[in-house]
Amino acid sequence: MLVVSLSFLAGAARSADTLTLAASEYPPYMSSQMSNGGVAVAIVREAFRRAGYSAKTIYLPWARAVSEARGGHLDGIVGLWTTPERQRAFLFSQAFLDNHIGFFKRRDDAIRYRALADLKPYTIGIVRGYANSETFDAARLKTDETLSDASNLAKLAAHHIDLALIDRGVANYLLDGSLAALAPKLEWLPPAVVVYPMHLGIAKRQPQAAKRIQDFNRGLDAMRQDGTLDKMLKQARI
């Protein structure tokens, strides 16, 4: 974790061509432990590079990352979902990837669903402290809490739960890495419960906010046109 004083952050934010962006630990999207910083960070960095900027990333706890970006101590934040509250404080870029939140199941189970009500017979693993979608909460399904996404998938493989509610990209990252032994046993169950587009956010109080969003979108469009964005997402299994 990189620790930086607020005076340094404010100084970095004033640089015309070098931007300092907040991110948090959310692999494979954002992570100081990944060589490219996470796929969301890599996409944002490349889009800004094409627009003539150099982008640095500071990894902070999520609440602080949002606070520092909103307060103008940083130039922006990687990986925001839109909410009415955030739209009052931030300008949002074009979306550059989608977070698919839904279920993983055991490959040998014949569970299918069209509506969440179809899943009432099953126990669904969720992670304590996560804010689940209103759609999921309204279905009032039987749930079982655990402490992490990794623990949730492990409980699924061990038949302690019937389904695990998880971000598809996060699950694929875990099953490609630390939980590779479980990968042959588990699979994604479509459709997603909810899809959240991910955006770059820049605080409206930043003097250059509108221009930087415009420049970022221009770089992102170039990545779409030459296939770079699609290639990066496929490599990350997003």
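Could you list, in sequence order, the residues of the stretch 41-59 that are without any contact (Cβ under 8 Å) to a residue 40 or more places away in the chain and assigned to a helix (DSSP H, G or I)? Step through it out loud before you land on a result.
Looking only at the stretch 41-59, we keep the residues that are without any contact (Cβ under 8 Å) to a residue 40 or more places away in the chain, and these are 41, 45, 54-55, 57.
Hits for the stretch 41-59 are 41, 45.
Scanning the stretch 64-98 for residues that are closer than 10 Å to residue 202 by Cα and among the aromatic types (Phe, Trp, Tyr), which turns out most open to solvent (accessible area, probe 1.4 Å)?
The qualifying residue most open to solvent (accessible area, probe 1.4 Å) is 92.
Could you grab me the full set of residues in the stretch 18-32 that are farther than 19 Å from residue 167 by Cα and open to solvent by 10 Å² or more (accessible area, probe 1.4 Å)? Walk me through it before giving the result.
We begin by selecting, within the stretch 18-32, every residue farther than 19 Å from residue 167 by Cα; these are 18-22, 32.
Correct list: 18, 32.
Contact list please: Cβ distance under 8 Å, first residue in the stretch 214-238 and free of Cβ contacts under 8 Å to residues at least 60 places away in the same chain, second residue acidic (Asp, Glu) and assigned to a helix (DSSP H, G or I), pairs at least six apart or on different chains.
224/230
Can you tell which of 149, 167 is touching a His at 6+ places or on another chain (Cβ under 8 Å), under 17 Å from residue 99 (Cα atoms) and of a type outside the set (Ser, Thr, Tyr)? It would help to see each step written out before you state the result.
Details: 149 fails: touching a His at 6+ places or on another chain (Cβ under 8 Å).
Matching residue, one of 149, 167: 167.
Condition check: under 24 Å from residue 237 (Cα atoms), open to solvent by 30 Å² or more (accessible area, probe 1.4 Å), out of contact with any helix residue (DSSP H, G or I) (no Cβ under 8 Å at 6 or more places or on another chain) and at pLDDT 95 or above. Does residue 45 satisfy that?
Working: under 24 Å from residue 237 (Cα atoms): yes; open to solvent by 30 Å² or more (accessible area, probe 1.4 Å): yes; out of contact with any helix residue (DSSP H, G or I) (no Cβ under 8 Å at 6 or more places or on another chain): yes; at pLDDT 95 or above: yes.
Yes.
Which one is most open to solvent (accessible area, probe 1.4 Å), of the residues in the stretch 125-152 that are assigned to a helix (DSSP H, G or I) and of a type in the set (S, T, N, Q)?
Of the stretch 125-152, the ones assigned to a helix (DSSP H, G or I) are 134-139, 149-152.
Filter once more, so that each one left must be of a type in the set (S, T, N, Q): 135, 151-152.
Working: 135: 82, 151: 39, 152: 1 Å².
Within the stretch 125-152, the match that is most open to solvent (accessible area, probe 1.4 Å) is 135.
With the stretch 153-238 as the region, which helices (runs of 4 or more DSSP H) entirely inside it contain at least 3 residues that are open to solvent by 30 Å² or more (accessible area, probe 1.4 Å) and closer than 17 Å to residue 43 by Cβ?
Passing ranges, in order: 209-225, 228-235.
Within the stretch 62-74, can one find any residue that is at pLDDT below 90 and part of a loop (DSSP other than H, G, I, E, B)?
yes
How do the pairs read when you match residues in the stretch 60-87 that are among the basic types (Lys, Arg) with residues anywhere that are open to solvent by less than 10 Å² (accessible area, probe 1.4 Å), using Cβ under 9 Å and keeping only pairs 6 or more apart or on different chains?
Cβ pairs passing all conditions: 64/22; 70/77; 70/90; 70/201; 70/203; 86/80; 86/201.
The values are calculated or read from the model by the stated rules, or taken from the named source; none is laboratory data. Because the structure is predicted, anything quoted here is derived from the model rather than measured. When we count neighbours, we look across all protein chains shown, and the Cβ atoms used for this are built from the backbone with ideal geometry, even at glycine. The accessibility values were calculated without ligands, DNA or RNA, using every heavy atom of the protein model including side chains. Shrake-Rupley method; radii C 1.70, N 1.55, O 1.52, S 1.80 Å.
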